[in-house]
Amino acid sequence: MKLFDVYPLYNITPVKAKGSRLWDKNGEEYLDLYGGHAVISVGHSHPHYVKRLEEQLEQIAFYSNAVKIPQQEELAALLGAISGYTDYQLFLSNSGAEANENALKMASFHTGRKKLIVMKGSFHGRTSLAVAATDNPSIVASMNAVDFIEFIPLNDLEALENAMNEEVAAVMIEGIQGVAGIYTPTAEYLRLVRRLCDANGAVMILDEVQSGYGRSGAFFAHQLSGVKPDIISIAKGMGNGFPVAGTLLSPKFQAKHGLLGTTFGGNYLACAAALAVLEIIREEKLVERAKILGEKLIPELKAIPGVEEVRGTGLMLGIQTPYPAAQIRKMLLSDSKIFTGSASQPNTVRLLPALNVQENELQQFVDGLKKALNKEVRA
Ligand SMILES: Cc1ncc(COP(=O)(O)O)c(C=O)c1O
């Protein structure tokens, strides 16, 4: 059997990883500032993460949601305490798309409505409704296309006011738009979403799949604006590579047996991974660290000749230059051995490093970017 060839691949095979470093099969060392697409939150193979998973594996790795799994409650309690959402309820699943599907389903169950408002540039995943709510027609199959979703420009207050009415089940918005190229909703905009959702009986959903788990310098990016959504979806950094996701539901959502479900979601290993991540985030103060590192790095990046704009906060950054990002990223990889991320915005390089990336590693990126931009100027 052959693999279904859907991924444009680097010709690199990492065989070992530690912190923010990767090594390929030839022993070549790379700096990982992409984190496997914002997934590596606490660094590769963190000793506490490895130990917790190993210990769990020795005990019991999997059972379904037919039995009591105390680690799920432990995880919900710790996530509530660290995020500040102590009174919310947690539904565990396996991927960001699934977390969003469940968020949307709950909004529709709760309101009895089906109209959905999402943002232009959004990415919410590839399952049926999540992909329909994603602003990329090339990945939406006919079977996924629906007529009840309205895309409005991010941060356009008037467009939001015009789209909102009492038929709307939910407004869904990313804490910071990641795939689009790091675009942040303003505090004013999020406050208006909150106000209009309340006024019209709609549900406010924050997709924090990429911008959550400390990446922005707050546990959730929307917390920088002081708003409180009804539903929050999480994945990526939550398991540091172990597939685990969650939908956080405010107390107004009523659970009923059989309403949501999954075979794998919340299994012992997934909980061990997610608990290890939160323990490391708490122990190493990684949310505060992301904020401090971002505050230091952003002005340094802005000062580099050729950098037009730096968007984002904490360690979720988009660096825009006059040159195609594909070219810059290729140079960073070949000349400086640094992995970075791409974005839909063609000139934006995305940085999504582990939150415990070292300062000298970020300096290595600054030097590598200077070198790449210098090369572009001379070309
Ligand atoms: C904001 C956001 N939501 C949802 C998803 C989908 O997550 P997953 O690939 O785990 O389904 C992504 C993935 O990039 C994302 O960035």
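The values are calculated or read from the model by the stated rules, or taken from the named source; none is laboratory data. These figures come from a predicted structure and were not determined experimentally. Cβ: placed from backbone, ideal geometry, glycine included. Neighbour counts: every protein chain shown.
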- For GLY294: the one exception among (1) under 27 Å from GLU55 (Cβ atoms); (2) crowded, with 20+ Cβ neighbours inside 10 Å; (3) not aliphatic (A, V, I, L, M): (1)
- Where residues in segment 50-103 are touching a residue at least 12 places away in the same chain (Cβ under 8 Å) and hydroxyl-bearing (Ser, Thr, Tyr), which of them is nearest to the ligand (Cβ to nearest atom)? SER95
- Query: Restricting the search to segment 226-245, which residues are buried (at least 24 other Cβ atoms within 10 Å of the Cβ), more than 12 Å from the ligand (Cβ to nearest atom) and more than 18 Å from LEU352 (Cβ to Cβ)?
  - Reply: PRO229, ASP230, ILE231
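Results for (1) within 30 Å of ASN65 (Cβ to Cβ); (2) assigned to a strand (DSSP E or B); (3) at pLDDT below 95, shown as yes or no for each residue.
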site	(1), (2), (3)
ARG282	yes, no, no
LYS291	no, no, no
LEU317	no, yes, no
TYR323	no, no, no
ALA343	no, no, no
PRO353	no, no, no
- Verdict on ALA235 being at pLDDT 95 or above, assigned by TED's automatic domain parsing to the domain that holds ALA76 and within 23 Å of GLY312 (Cβ to Cβ): yes
- Query: Identify, please: which residue in segment 122-161 is over 25 Å from ASN200 (Cα atoms) and among the small types (Gly, Ala, Ser) and is, among those, farthest from the ligand (Cβ to nearest atom)?
  - Reply: SER142
- Message: Quick check on segment 215-228: of everything there that is touching a Phe, Trp or Tyr at 6+ places or on another chain (Cβ under 9 Å) and part of a loop (DSSP other than H, G, I, E, B), which residue is nearest to GLU174 (Cα to Cα)?
- Response: PHE220
- In segment 43-85, which residue that is assigned to a loop (DSSP other than H, G, I, E, B) and polar (S, T, N, Q) is farthest from PRO229 (Cα to Cα)? SER45
- Query: Does LYS291 qualify as being without any contact (Cβ under 8 Å) to a residue 60 or more places away in the chain and either more than 18 Å from PHE109 (Cβ to Cβ) or within 15 Å of the ligand (Cβ to nearest atom) (or both)?
  - Reply: no
- Spot the failing condition for GLY217; the list is (1) under 24 Å from VAL244 (Cβ atoms); (2) out of contact with any Asp or Glu (no Cβ under 7 Å at 6 or more places or on another chain); (3) within 12 Å of the ligand (Cβ to nearest atom), and only one is missed. (3)
- Inside segment 191-212, can you point out the residues that are away from the ligand (no atom under 12 Å from the Cβ), crowded, with 19+ Cβ neighbours inside 10 Å and not in a helix (DSSP H, G or I)? ALA202, VAL203, MET204
- Note on the structure: Subset of segment 132-168, residues aliphatic (A, V, I, L, M) and touching a residue at least 24 places away in the same chain (Cβ under 8 Å), comes to ALA133, ILE149, ILE152, LEU154, LEU157, LEU160, ALA163, MET164, VAL168
- Query: Mind checking whether some residue in segment 148-159 is on the phi > 0 side of the Ramachandran plot and at pLDDT 95 or above?
  - Reply: yes
- If you check every pair at least six apart or on different chains, which have Cβ atoms under 6 Å apart with a residue in segment 353-379 that is in contact (Cβ under 8 Å) with a residue 40 or more places away in the chain first and a residue that is among the acidic types (Asp, Glu) second? ASN356/GLU284; VAL366/GLU300
- Message: Between a residue in segment 190-207 that is closer than 16 Å to LYS115 by Cα and any residue that is acidic (Asp, Glu) and surrounded by 24 or more Cβ atoms within 10 Å (Cβ to Cβ), which pairs come within a Cβ distance under 8 Å, given they are 6 or more apart or on different chains?
- Response: CYS197/ASP230; VAL203/ASP230; MET204/ASP230; ILE205/ASP230
- So which residues in segment 113-129 are without any contact (Cβ under 8 Å) to a residue 40 or more places away in the chain and outside any helix (DSSP H, G or I), if there are any at all? LYS120, ARG126, THR127
